[in-house]
Every structure is written in C-alpha cells, then in structure tokens.
Amino acid sequence: MNIEGRALIVNRNSRVAAVDIGWGMALVVEYSADTLIDEGDRLEQLTTGYRKINILNRNKAQEVSVQVLADAMPFTLAEYIVREDQSLSQAAA
C-alpha cells in the first residue's frame, strides 16, 4: 500500500512523528537519530502495520528509513501518543 501523508507533530526527544494521512487518520512513525523529519514534511511510500520501511521525504528530496509503529489510527490518538511521549521525555531529562 502506498500512502502519502504530512508530518504534523514531531517529537525530537524520542524521534517519533504523527503523520496525517487524511480522513482524520494518522500513522505514528519512529525515525533514527541520523534522519531529519520536520513538521510539515510531506512523506510518501508509507504503509500501515508494524514494519520498518524506506519512505520518501518529498520536502527534503531524500529517502529515509522509518519504523511504522501501528496500523492507521484516529489522528487525535496519534497526537496524544506523540505528545505524551514528549512529556515523558522532558520529565526524564
């Protein structure tokens, strides 16, 4: 499945992002320390399910590797996961 989306919330501490894929749904992806994903980046070649995949960051014109953490979920849940993880990361620092 070839899904396109936009990274709307990026947590740099834990390197996870909520990617809006439309219709109120989102994917949560984890990326490596050497990968740069910014809020607003358009990501292509995404898929659902727990798996490591190579995707295209259209804004940066580069292929990057990400771990998709689950199937598509409501965007509000993805937002909660990424922001909650951010809160926990900041509290631990």
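As an exercise: evaluate VAL29 against (1) outside any loop (DSSP other than H, G, I, E, B); (2) of a type outside the set (Gly, Ala, Ser); (3) at pLDDT below 95 and give the number of the one condition it does not meet.
Single failed check for VAL29: (3).
Taking VAL16 and the conditions (1) modelled with pLDDT of 95 or more; (2) surrounded by fewer than 16 Cβ atoms within 10 Å (Cβ to Cβ); (3) among the aliphatic types (A, V, I, L, M), which numbered condition does it fall short on, given that it satisfies the others?
So the condition that VAL16 fails would be (2).
Can you tell me which residue within region 34-74, out of those that are over 14 Å from VAL19 (Cβ atoms) and either acidic (Asp, Glu) or touching a residue at least 60 places away in the same chain (Cβ under 8 Å) (or both), is surrounded by the fewest Cβ atoms within 10 Å (Cβ to Cβ)?
Step by step, filter region 34-74, then rank; the result is ASP34.
Taking the options ALA78, ALA7, name whichever one is surrounded by 19 or more Cβ atoms within 10 Å (Cβ to Cβ) and assigned to a strand (DSSP E or B).
ALA7 is the lone residue from the list that is surrounded by 19 or more Cβ atoms within 10 Å (Cβ to Cβ) and assigned to a strand (DSSP E or B).
Could you tell me whether any residue of region 52-61 is farther than 17 Å from ARG6 by Cα and at pLDDT 95 or above?
Within region 52-61 (the criterion being farther than 17 Å from ARG6 by Cα and at pLDDT 95 or above), the answer is yes, since at least one residue qualifies.
The values are calculated or read from the model by the stated rules, or taken from the named source; none is laboratory data. Please read all numbers here as calculations on a predicted model, not as lab measurements. Virtual Cβ from ideal backbone geometry, glycine too; neighbours counted across all protein chains shown.
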